[in-house]
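K.L.:
Mind having a look at this structure? Questions to follow.
The values are calculated or read from the model by the stated rules, or taken from the named source; none is laboratory data. What you see is a predicted model, and the numbers here were worked out from it, not measured in a lab. Positions of Cβ are generated from backbone atoms using ideal geometry, with glycine treated the same way; all protein chains shown enter the neighbour counts.
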Amino acid sequence: MDGIPLGGRNEHVRTFAVEKHRTDRLVDQVIILALPTISDSLAGRMEVVTLLPLAQSEIRRNQSNFLDSAFAGTVIVPRNPMVGNALIERVLIGGYPEMVGRGDPRRRSAWAREYIRAIVERDVREIADVERLDQMPQLLRALAHHSGQLLNFTQLAGQVGIDDKTARRYIGLFEQLFLVRRIEPWYRNPLKRLVKTPKLLFLDSGLLAALVGLTIDRISRDRGLFGSLLETFVAGEILRLATWSEVQSTCHHYRDKDQDEVDIVLEDEAGNMVALEVKAAATVIAADFKGLRKLAVATGRAFKAGWVLYDGDKILPFGDNLAAIPLSCLWGD
């Protein structure tokens with residue numbers, strides 16, 4: 001492999017094969033080609049593999065993939081559905097191996113805070129020239145409080161005391177560092193009444209919980225705190241599963257001018273659709289399917305499944321291709 005200049009540092013080269021015709025591997029927590037010191041595009045000589053925090057099925061050593069089953073119109077029925085406080089605890093831990101391996105919530109939070117500090121003080125400097133690094137943790141905390149909401153740069157910038165342009169730049173850096181992900185809206189040209197603003201989601205629910213100080217005690221006292229955190233958790237699981245699913249799909253959200261929405265809309269290369277709504281409750285009613293029904297009508301035969309993932313232990317049918325399913329169907333045991 002020809003040398004890639006890294007500005008005198010080799011931290012981004014973790015493993016390196018020196019034999020001719022072997023595959024070289026570059027691994028780091030930033031997008032390598034975003035580094036300003038790298039001038040070689042490596043076009044035709046590399047394949048980018050996104051490594052996100054662990055999916056629950058990986059943690060539990062379960063090889064099934066929820067997405068492959070979903071596009072086939074089937075549900076992986078969990079043998080022991082995870083509900084209530086057990087589910088809350090799982091969501092609070094997230095998927096970072098260092099947090100999964102720490103049984104003490106205080107140690108998990110301490111690791112998360114140090115991780116954020118290291119990213120801001122070290123990794124941001126690797127990919128950008130930022131004068132006011134002290135503003136970035138403030139913006140990241142603001143994003144944590146808005147995870148799952150429509151992206152409003154003006155509102156976020158105002159909370160931190162920066163301008164829109166700076167907010168856009170900083171959020172772009174957070175995306176390059178795999179802390180947040182922009183979820184684009186799903187729409188087709190005939191559907192003119194759709195909202196076309198992206199949502200922003202944290203990539204890991206455990207990191208989000210540590211940033212905003214969520215604990216199992218706080219959520220038990222105020223269940224309303226669980227909604228956006230749970231949506232963040234589910235979206236993170238879907239994005240992780242998509243990296244090794246047999247079905248290649250893109251992730252979107254759906255929202256129309258009537259404020260009817262679907263949290264997650266997946267579309268494969270053939271145009272087939274799977275739609276998921278997340279509900280942090282143990283009961284489900286027909287009204288919870290309003291957005292899913294609208295999307296089903298709009299997409300017709302392409303609509304393969306519309307499921308409400310909820311904090312329950314039973315699969316409940318609600319019509320053609322519509323059902324409420326336990327959240328632990330995501331990892332299937």
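K.L.:
Of all residues being of a type in the set (Gly, Ala, Ser) and surrounded by fewer than 16 Cβ atoms within 10 Å (Cβ to Cβ) in segment 153-168, which is modelled with the lowest pLDDT? Just the residue, please. Let's see the steps before the verdict.
P.N.:
Looking only at segment 153-168, we keep the residues that are of a type in the set (Gly, Ala, Ser), and these are 157-158, 161, 167.
Remaining after also requiring surrounded by fewer than 16 Cβ atoms within 10 Å (Cβ to Cβ): 158, 161.
Values: 158: 94, 161: 91.
Residue satisfying both the conditions and the ranking: 161.
K.L.:
Same structure, new question: Determine whether residue 116 is assigned by TED's automatic domain parsing to the domain that holds residue 236, over 17 Å from residue 203 (Cβ atoms) and not hydroxyl-bearing (Ser, Thr, Tyr).
P.N.:
Numbers: assigned by TED's automatic domain parsing to the domain that holds residue 236: yes; over 17 Å from residue 203 (Cβ atoms): no; not hydroxyl-bearing (Ser, Thr, Tyr): yes.
It is false that residue 116 is assigned by TED's automatic domain parsing to the domain that holds residue 236, over 17 Å from residue 203 (Cβ atoms) and not hydroxyl-bearing (Ser, Thr, Tyr).
K.L.:
Could we say that residue 85 is under 25 Å from residue 316 (Cα atoms), modelled with pLDDT of 95 or more and in the same structural domain as residue 319 (by TED's automatic domain parsing) here? Quick ask: steps written out before the conclusion?
P.N.:
Numbers: under 25 Å from residue 316 (Cα atoms): yes; modelled with pLDDT of 95 or more: yes; in the same structural domain as residue 319 (by TED's automatic domain parsing): yes.
Here the answer is yes, as residue 85 does meet what is asked.
K.L.:
Quick one: in segment 29-61, which of the residues that are closer than 23 Å to residue 250 by Cα and not hydrophobic (A, V, I, L, M, F, W, C) is modelled with the lowest pLDDT?
P.N.:
Going through segment 29-61, the residues closer than 23 Å to residue 250 by Cα turn out to be 29-34, 46-58.
If we keep only those that are not hydrophobic (A, V, I, L, M, F, W, C) too, we end up with 29, 47, 50, 53, 56-58.
On the way: 29: 50, 47: 73, 50: 79, 53: 94, 56: 95, 57: 93, 58: 93.
Applying the filter and picking the extreme gives 29.
K.L.:
Take segment 255-290 and flag every residue that is touching a strand residue (DSSP E or B) at 6+ places or on another chain (Cβ under 8 Å), under 16 Å from residue 325 (Cβ atoms) and not in a loop (DSSP other than H, G, I, E, B).
P.N.:
Hits for segment 255-290 are 262, 263, 264, 266, 274, 275, 276, 277, 278, 279, 288, 289.
K.L.:
Continuing with this model, one more query. Hey, among 121, 131, which residue is farther than 29 Å from residue 257 by Cα, outside any helix (DSSP H, G or I), charged (D, E, K, R) and in the same structural domain as residue 91 (by TED's automatic domain parsing)?
P.N.:
On the way: 121 fails: outside any helix (DSSP H, G or I).
It is 131.
K.L.:
Step by step: first the residues of segment 269-280, then only those that are surrounded by 18 or more Cβ atoms within 10 Å (Cβ to Cβ) and of a type outside the set (A, V, I, L, M), then the one that is nearest to residue 237 (Cα to Cα). Which residue is that?
P.N.:
Going through segment 269-280, the residues surrounded by 18 or more Cβ atoms within 10 Å (Cβ to Cβ) turn out to be 272-280.
Applying the additional criterion that residues be of a type outside the set (A, V, I, L, M) yields 272, 277, 279.
Numbers: 272: 20, 277: 14, 279: 15 Å.
This residue is 277.
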